[in-house]
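Below is one structure, written out as structure tokens; the observations come after it.
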Amino acid sequence: MEILLAIVIGLLYAAGVYLLLRRSIVKLILGIMFFSHATNLLIFVSGGLHKGQPQFANDGINAVSSNPTDPLPQALILTAIVIGFGITAFFLALMYRFYQVTGTEDLDDLKEGENK
Amino acid sequence: MKSYIVQLAATRLLPVTLILSLLVFYRGHNEPGGGFIGGLMAAAGFIFYAMAYDTAKAEKKLRVSPLMLIVAGLSFAFISTLPSLFAGNPFFTGEWISLNIPLLGKLKLGSPLLFDLGVYLAVWGVIITIIFNVMEE
Amino acid sequence: MTGILIYLIILLITALLSPILIRKGGKTAPWLLSMVSAAGFAYLLGFAGFISKGNALNYTIEWLPELYLNFSLYLDGLSLFFALLVTGMGSLVLVFSGNYMKPYPMKHRFFFLLLLFEFAMLGLILSGNLFTMFIFWELTSVSSFLLVGFNHEKPEARNAALQALLITVAGGLAMMAGFIMLGQMAGTLEINQLLQSGDIIRNHPHYLPALLLVLAGAFTKSAQFPFHFWLPGAMQAPSPVSAYLHSATMVKAGVYLLMRLSPVMGGTPEWKYILTITGAITMILGGYFAYSQTDFKKVLAYTTISALGTLVLMLGIGTDISIKAAIIFLLVHALYKGALFMIAGLIDKSVGSRDLRKIGGLSKVMPTASLAAIISLISMAGLPPMIGFIGKELIYEAKFALPDIGNLLLVAGVTTNVIMVAISLALIFNLFLGPLKYPGEKPKRPAFALRIGPALLAGISLIFGLFPARVADFLLSPAIKSIRPSIDSLKLSLWHGFNEVLLISFITVAAGVVLFLLYRKVNPLLTHFNTKVLTFRLADTFNNGLNMFLYLTKRKTSFIQSGYQRFYLMAIFIMTSVLAWYQLIYTWPEIENISFSKPGFFEMMILLLIVSSTLIAVLVRSRLAAILSLGAVGYGIGLLFIIYGAIDVAITLMLAETLVLVLFMVVIYHLPKFANFSSKASRLRDAAIALLVGGFMTGLVLKAGQLNLNPKISDFYVENAIPLAHGSNIVNVILVDFRALDTLGEITVLVIAAIGVVALLKLKTKKGSAT
Amino acid sequence: MILPALPILIPLLTIILLLFSFQRREWQPWIGLTGALLQLALALFLAIQVKTQGILVLHTGNWEAPFGITLVVDAFSSIMLVLAGIIAVSVSIYSMDAIDRQRQSFFFYPMVQGLLMGVNGAFVTGDIFNLYVWFEVMLTASFVLITLGGEKKQLNGAIKYVSINLVSSLFFLAGIGLLYGKTGTLNMADLALKLSLADNNVLMNTSAVLFFVAFSIKAAVFPFFFWLPASYHTPPVAITALFAGLLTKVGIYSMIRFYTLFFVQDKLFWHPLFLWIGGFTMVIGVLTAASQYDIRKILSFHIISQIGYIIMGLGIFTVAGIAGAIFFMAHNIIAKTNTFLVAGLINRITGSYDLKKIGGLYKIRPWLSILFIIPAFGLAGIPPLSGFFGKLILISAGFDAGEYVISFIALAVGLFTLFSMVKIWNEAFWKPRPEGLSPFEGENEKLPVSMVIPVVFLGLITLTMGFAVKPILEIAMNAAGQLLDPKIYIQAVLGL
């Protein structure tokens, strides 16, 4: 499973990179989101995979199962997801505004702004 | 979307989502849930309401401006760091008190809970702000 | 010595206050400023008796001793000699400028800069630490830059200033590197200690690079070939600046440095050959170009270059007599050249031209100035009874005393001097004697303030020539002894009997007269030759080089900073891939075994969902389908999280995903459809890059399990969630208690992003209000 | 014990107050300025505390390291905090008149404080994931600031800025995940300890690559810098000045922190890489600047070039080299911000940043000329200004370490820097106003005092850093000494 997941993560990154290299701004954002999905999965996998119940501590006894899924990467991913959500929302608004002002979604049109 | 049925549903659902969100928020310390999920759910009710009517009505229903929700959230989060100082502990130490409330039983209150409340309010405010603003465009 | 420090500070304060003084003080202000400089001269002169007994003064304030950098002052025979030159010339030039600069509206700034330069130059001379010297050295470059560009509305002036600055600063930077190396060799940069460390330095393996670096500084500043071309350009400066900086003081800084360091770095074959060859080339070239110029100031500039070459040559020869000759010639040159530059300015001001072909016979309108000029020119020609004669005789003697390359140098020296004689005679007979010629209105008699400087300098040239012994004892001997303590005291006299030196002097003068007689015929020819054949000009080459460089960088910029977002990302991805793949392959052998568990049916299905949605999102044309597929990927990952027991993460991910999808839908509604922008080739290329990145990421994940440094900190969370943190949802407890600070940051991000959305959508400013 | 948390809490409280009173525009600048002043005062106090008591450590939530998030203020962080405070105060004052009313009422000040919160957080945290969070706080605030006003060119630049920086953040996050997977810890000191004990720690190199790329993008190092010149010239100049001073430096700060504390295993790979990259960064940045005509673009390219010097110091990896890097960074933050602020003054008078459209300032504004010369020549390394000493220290360190090539590159780059500065001087100050242009709109207006004060303030610091170089270098040496001896840090945090 780890090998399969590693390949899937690689694929997600590849998809992200490919989309980032397109000229469309929508695809740019899609690419970023693929990147961020891949990263979340990567953190999860590198923390170690253990199938089973969600981990809750019980009174007195320390852990539920003998081989629990590491809770810390989960917390990290959770934080990363929320942060990612905020930034994605902002990026979407930026895209919307960009289109409003320039009337295009072609990133190559950004060229002018720079070489003036 | 502005059909009467939907509007009715939105109006009725609003208190339900709010109570549900508070529940999810409070449970969060022991079971799945917590400030972020709770805040999201609280926002969901208003978003649905705004879709049924419009954002202005939803904001009116909210009574405070979303920005104030945000400010309140940040403030609670900030205030939750203070008890530790009065207790002479390092910054952000969780300080707990136990209350025995009739009917509900033993209720444990602590600064982390207050902090989570801050998260709840902030997330609520943030999501409403974002969605409403985008919807208004 | 504190007195000298205080004087330096007074000089700086005077400079700072001078603009106010000039504005408010009227006519007397320049005189007052000149008095400050003259007071410095007098004060320093007071040390002469003490110093001439072989004493030296040192004063140090610690600055950055770790790097051998201190603020130190050092006064010995050599620095006293130069310091007197700087202050003495300074006071004369200030008086001269008082009148010369009258019509300039910005003259208050001129005086500030001139005094700032004097401060810097005096500091340079008196520095007792090479870094202190470097600091003042750069300050002289900067003030020279501002002075050369004083007429800044003329493009030529700006260009000349830039050129002078770049060349001298480039040299200065090399010199700084040389100083750093010297410091590392000797463990000090204090001059009085360096003077003792000559042997260590000369025998150090880094001696040659350090020498070359230091020489780069000295040669650029002293306008040696091939860096000489900034000096004629610097003639764009007002004449007082040329008289002060570009003849008497700043250009001598390089020579001063060579003199200062000759006990430390001198005497080796490297030193000798580099200096003599560079000096000789500079000397002859300067002479030739001086002879073929038509602008009086340019003539003077090239003779200055020639003289600087002579000085470097003398120091390169490095015999006792050549060092004597160098010091004397330096004084001689400062005296006559300072006077001549002032006269050039004076002519420019009263006649309105400096073109030698258009003016002549000026003694009829300006007798005093012409007399001073003629005396100075005789000194320049090296004719008796001027001090210039003594200088030249000593130079010849020095060249005779050199066994191996002496003859060659002698020929070069004689040639140069022949030219000097010819130029001097030409200037005397054409410019000052002979029939009166002027292009515009009849020139008026120049003001007293303009005449006094040249007159005084010429007088000194004459007096020193007649009574050289006094000067020698008092000033020159101590200076020479600072360079080489073993030299006996200097005996100077105008007449030293018939010998081969005198014979050569006769030949020089005779040939000079011949060349002078040819001057009117040859000069136009040479000018023609210079413009038609010798079209190669270093100054132009420098400019062309600069333009070429700018053109290339512009091309390069539009290549690198192309404006195409995807090329920027591409560069990042490629570089990352290179590094990551290299490391992956490099560390791969360390990997022992990759553990893995068997996938179950559900997981396989979910993975299949993720993979297929990913492919759809990448390949599909429709935006909606792409976005929905992205959502499917997100939900798929959420399902995986559920299977592996991360329920909170899964809920959060799915909720966030849903919200993003909703937002996406709302926004996308307004946008146009995808256009199919990229070509097949570029899509293939991007796919290759994408696979490179994806590939190493896979590798990294596989490798991640390899190094397991237990215990993990999460074990602590599992154990203490309930007893210490009072919660059983460990993930939530981590978020609000164990790592609450992360969450605080997280909600701050959310808040900022939300506000950002409001600002983006609601705030619409006018175009161009971003300032 | 709360001191190390205050650099985060003060901006947070300021944000709360600013948002609370956001409808009162006239209060905003003053609240923002008060917050900035408090931060500067606090930073100075912290610096003194660190000097007298050693490294300050705060285990937040009373969770012992490595379990909770530990905040650590060592000499290096305290220096950075002071610099951030100085920039915060300068920009807060400058923006009172430099930022238009609309932007001020649309959350300009809360965003500045948000940025500062992120920057300060990054400087004080001792936890790699927490560092990521502060990076995001800082970045998000910078996203908002760079788009604030929503002009076309701003949006143009912002898209590049946002997307490339997001890629960097995600690489950073992936690196954290991998590192946690390998070591089971997030605390920097704990990481350092665990890795120093592990035998096959060369395996770290692969995740170290991800961090290297992430920080290189933030720090705008070759070949990762493209976003910077593409975007920095677009927002109002007060914002650019803030970015120029702080943003790239946080990337560099993290790089120095990571590569002195725990990525120290494979010196043979990393240090030459730093030297190469540093050299390229210096050269490419300075060459690219030479052909520009927009003042802000010239200055932007120079940010990149100057980052190269700091990387060079890291690559030399001796106490002198790192101290040189720190000193240079301090100099650069002050001088670079100042040049942008002066550019804003120029624009205020002439209404343009385009060198082809302005001129004659030397004649009409002599004092402005002096205010420009100090930071500009400071950047170019003209003694006795701070830049000279920065270069001197670095180049000496390079010679000492036998790194001659990079040292000479650094020298040569100094010359080209001077060229660019003189170009601005020649064109904007010396050249007469181009013919055919009507008089500048602000030609006869007085510059607002609030815009001049910060320029003078920063100029004085540039001068002071030159004359008082010894004590400042000692502070930098002390910081470098701490950095190169990770045991001190580990001991302070883990109490071993």
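The set of residues in the range C:606-623 that are facing chain A (nearest Cβ under 8 Å) and more than 17 Å from C:Asp686 (Cα to Cα) comprises C:Leu607, C:Ile610, C:Val611, C:Arg623. When the residues of the range B:99-117 are filtered to those that are within 7 Å of chain C (Cβ to nearest Cβ) and not in a strand (DSSP E or B), which remaining residue is modelled with the lowest pLDDT? Among those residues, the one meeting the criterion is B:Pro112. Filtering the range D:172-206 to residues that are among the β-branched types (Val, Ile, Thr), within 14 Å of chain A (Cβ to nearest Cβ) and over 26 Å from the mean Cα position of the chain (by Cα) leaves D:Thr183, D:Thr185, D:Thr206. Residues in the range C:22-52 that are farther than 23 Å from C:His108 by Cα and of a type in the set (Val, Ile, Thr): 1 in all. Does C:Met342 satisfy being over 17 Å from C:Ser505 (Cα atoms), in contact with a Ser or Thr (Cβ under 8 Å, 6 or more places away or on another chain), surrounded by fewer than 24 Cβ atoms within 10 Å (Cβ to Cβ) and touching a residue at least 12 places away in the same chain (Cβ under 8 Å)? No, not satisfied.
Filtering C:Leu285, C:Leu208, C:Leu261 for residues that are surrounded by fewer than 24 Cβ atoms within 10 Å (Cβ to Cβ), among the hydrophobic types (A, V, I, L, M, F, W, C), in a helix (DSSP H, G or I) and outside the structural domain of C:Tyr396 (by TED's automatic domain parsing) leaves a single hit, C:Leu208.
Among the candidates C:Gly645, C:Gly634, which residue alone is crowded, with 19+ Cβ neighbours inside 10 Å, modelled with pLDDT under 85 and facing chain A (nearest Cβ under 8 Å)? Let's see the steps before the verdict.
Details: C:Gly634 fails: modelled with pLDDT under 85.
None of the others qualify; the one that does is C:Gly645.
Any residue that is within 13 Å of chain A (Cβ to nearest Cβ) and surrounded by 24 or more Cβ atoms within 10 Å (Cβ to Cβ) - is there at least one of those in the range D:235-249? Yes - at least one qualifying residue is present in the range D:235-249.
Output the helices (runs of 4 or more DSSP H) that fall wholly within the range C:409-510 and possess 2 or more residues being touching a Ser or Thr at 6+ places or on another chain (Cβ under 7 Å) and in contact (Cβ under 8 Å) with a residue 60 or more places away in the chain, or say none. Steps first, answer last, please.
On the way: elements: C:448-466, C:468-471, C:477-483.
It comes to C:448-466, C:477-483.
Considering every residue within the range D:363-383, establish whether at least one is without any contact (Cβ under 8 Å) to a residue 40 or more places away in the chain, assigned to a loop (DSSP other than H, G, I, E, B), buried (at least 24 other Cβ atoms within 10 Å of the Cβ) and out of contact with any strand residue (DSSP E or B) (no Cβ under 8 Å at 6 or more places or on another chain). Checking the range D:363-383: at least one residue is without any contact (Cβ under 8 Å) to a residue 40 or more places away in the chain, assigned to a loop (DSSP other than H, G, I, E, B), buried (at least 24 other Cβ atoms within 10 Å of the Cβ) and out of contact with any strand residue (DSSP E or B) (no Cβ under 8 Å at 6 or more places or on another chain).
Taking every residue in the range D:131-159 that is closer than 14 Å to C:Leu761 by Cβ and pairing it with any residue that is modelled with pLDDT under 95 and among the acidic types (Asp, Glu), at least 6 positions away or on another chain, the pairs with Cβ-Cβ distances below 9 Å are D:Gly149/D:Asp100.
Does the range D:320-328 contain any residue that is surrounded by fewer than 21 Cβ atoms within 10 Å (Cβ to Cβ) and in contact (Cβ under 8 Å) with a residue 12 or more places away in the chain? The answer is no, given that none of the residues of the range D:320-328 is surrounded by fewer than 21 Cβ atoms within 10 Å (Cβ to Cβ) and in contact (Cβ under 8 Å) with a residue 12 or more places away in the chain. Filtering the range D:318-362 to residues that are over 24 Å from D:Gly398 (Cα atoms) and either of a type in the set (Asp, Glu) or not in a helix (DSSP H, G or I) (or both) leaves D:Gly351, D:Ser352, D:Tyr353, D:Asp354, D:Ile358, D:Gly359, D:Gly360. Restricting to the range A:23-38, count the residues that are within 7 Å of chain C (Cβ to nearest Cβ), of a type outside the set (Gly, Ala, Ser) and touching a residue at least 60 places away in the same chain (Cβ under 8 Å). Residues in the range A:23-38 being within 7 Å of chain C (Cβ to nearest Cβ), of a type outside the set (Gly, Ala, Ser) and touching a residue at least 60 places away in the same chain (Cβ under 8 Å): 2 in total. Of all residues in the range C:141-156, none satisfies being surrounded by fewer than 24 Cβ atoms within 10 Å (Cβ to Cβ), assigned to a helix (DSSP H, G or I), of a type in the set (D, E, K, R) and within 11 Å of chain D (Cβ to nearest Cβ).
Pick out the one residue from C:Val299, C:Val255, C:Val264 that is out of contact with any strand residue (DSSP E or B) (no Cβ under 7 Å at 6 or more places or on another chain), among the hydrophobic types (A, V, I, L, M, F, W, C) and under 19 Å from C:Thr527 (Cα atoms). First the steps, then the outcome.
Working: C:Val255 fails: under 19 Å from C:Thr527 (Cα atoms); C:Val264 fails: under 19 Å from C:Thr527 (Cα atoms).
Every option except C:Val299 fails the conditions.
With respect to being crowded, with 23+ Cβ neighbours inside 10 Å and assigned to a helix (DSSP H, G or I), B:Phe78 falls outside the description.
Annotation: C:Thr319 fulfils all but one of (1) under 26 Å from the mean Cα position of the chain (by Cα); (2) surrounded by fewer than 21 Cβ atoms within 10 Å (Cβ to Cβ); the unmet one is (1). The requirement of being more than 9 Å from chain C (Cβ to nearest Cβ), touching a Lys or Arg at 6+ places or on another chain (Cβ under 7 Å) and not β-branched (Val, Ile, Thr) is satisfied by D:Ala410.
For every residue, the table says whether it meets (1) farther than 30 Å from D:Thr147 by Cα; (2) in contact with a strand residue (DSSP E or B) (Cβ under 6 Å, 6 or more places away or on another chain); (3) at the interface with chain A (Cβ under 10 Å from one of its Cβ atoms); (4) at pLDDT 80 or above.
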| site | (1), (2), (3), (4) |
| --- | --- |
| C:Val667 | no, no, yes, yes |
| C:Lys673 | no, no, yes, no |
| C:Asp686 | no, no, yes, yes |
| C:Leu702 | yes, no, yes, yes |
| C:Thr771 | no, no, no, no |
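Conditions (1) modelled with pLDDT of 90 or more; (2) within 18 Å of D:Ile334 (Cβ to Cβ); (3) not in a loop (DSSP other than H, G, I, E, B), marked per residue:
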position: D:Lys391; (1), (2), (3): yes, yes, yes
position: D:Phe408; (1), (2), (3): yes, no, yes
position: D:Leu415; (1), (2), (3): yes, no, yes
position: D:Leu437; (1), (2), (3): no, no, no
position: D:Val455; (1), (2), (3): yes, yes, yes
position: D:Met465; (1), (2), (3): yes, yes, yes
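Checking each residue in the range C:726-768 for being more than 7 Å from chain D (Cβ to nearest Cβ) and in contact with a His (Cβ under 9 Å, 6 or more places away or on another chain) picks out C:His726, C:Gly727, C:Ser728, C:Asn729, C:Asn732, C:Val733, C:Val736. I'd like the residue in the range A:71-110 that is free of Cβ contacts under 8 Å to residues at least 40 places away in the same chain and β-branched (Val, Ile, Thr) and, out of all such residues, is farthest from the other protein chains (Cβ to nearest Cβ). If we take residues in the range A:71-110 being free of Cβ contacts under 8 Å to residues at least 40 places away in the same chain and β-branched (Val, Ile, Thr), then A:Thr104 is farthest from the other protein chains (Cβ to nearest Cβ).
Residues that are at the interface with another protein chain (Cβ under 7 Å from one of its Cβ atoms) and modelled with pLDDT under 75: does the range C:569-581 have at least one?
No, there is no match, as no residue in the range C:569-581 is at the interface with another protein chain (Cβ under 7 Å from one of its Cβ atoms) and modelled with pLDDT under 75.
In the range D:277-303, the residues that are touching a residue at least 60 places away in the same chain (Cβ under 8 Å) and charged (D, E, K, R) reach residues that are surrounded by fewer than 24 Cβ atoms within 10 Å (Cβ to Cβ) and not in a helix (DSSP H, G or I) with C-beta atoms within less than 8 angstrom, at least six apart or across chains, in these pairs: D:Asp294/A:Lys116; D:Asp294/D:Tyr353; D:Asp294/D:Asp354; D:Arg296/D:Tyr353. Identify all residues within the range D:465-483 that are without any contact (Cβ under 8 Å) to a residue 60 or more places away in the chain and in contact with a helix residue (DSSP H, G or I) (Cβ under 9 Å, 6 or more places away or on another chain); write none if there are none. Selection gives D:Lys470, D:Glu474.
The values are calculated or read from the model by the stated rules, or taken from the named source; none is laboratory data. Note that the structure is a prediction, hence the values are computed from the model and not measured. Because the Cβ atoms are built from the backbone with ideal geometry, glycine has one as well, and the counts that use them run over all protein chains shown.
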